[in-house]
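Following: one structure in structure tokens, then a few remarks.
Read the figures in this text as sums done on the coordinates, not as results from a lab. Treat the numbers as computed from the prediction; the structure is a model and nothing was measured. Methodologically, a virtual Cβ is constructed for each residue, glycine included, from the backbone with ideal geometry; neighbour enumeration extends over all protein chains shown.
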Amino acid sequence: MTVSPIEYRYGREETKAIFSEESRLLYMLKVEAAITRAEEEFGLVPRGGTAEMVERAALSGRVTLEKVKAVEAETGHDIMALTRVLSQEAGEAGRYVHLGATSNDIIDTATALQIKDFLGIYEGEMVSFILVLSDLVQKYRSVPMLGRTHGQHASPHNFRA
């Protein structure tokens with residue numbers, strides 16, 4: 001199963017990878033680590049390694065989709081499951097995971113990061129597409145075509161008009 005906003009069987013692998021469940025989990029883990037990092041900088045959690053321990057656990061690969069899904073089956077809550085698994089993997093620093101955050105803070109920020117990464121791909125593709133269209137318009141600008149108005153034929157024109 002995927003978390004893709006579009007039909008999953010279509011699309012490029014790099015785009016589908018951004019919206020896969022595994023990738024979504026990693027985005028959420030990065031958000032949790034970033035929150036702890038910011039809280040450490042502001043002195044809301046103990047300084048001297050708390051954020052590093054959470055980040056190390058978040059990026060270690062030990063917080064797996066399988067573990068999170070197993071806890072979610074018990075709790076019925078996706079973010080609670082994620083924070084429980086991450087907290088266990090972060091050791092002593094685990095008590096500060098998700099401190100002051102809401103589920104939507106994690107979900108919305110992870111989604112925004114996914115969209116940002118997708119747009120990085122999309123923007124380059126759109127520039128290429130616009131260049132191709134521009135070349136076609138220049139090539140066929142004098143070709144006459146039938147105008148249309150209110151569902152019927154109108155005066156002929158070309159792509160210059």
Legend entry - Long-range amide H partners of Val45 with built H, under 5 Å: Glu40
Inset, instruction - Would you count, across the chain, every pair of lysines whose alpha carbons are under 30 angstrom apart, provided the pair is eight or more residues apart or spans two chains? - result: 9
Legend entry - Separation of alpha-carbon centers, the stretch 25-69 and the stretch 118-154, rounded to whole Å: 46 Å
Inset, instruction - Tell me the label-point distance for the pair His157, Ser142, using the 7 Å Cα-to-Cβ offset, in nm and rounded to one decimal. - result: 2.0 nm
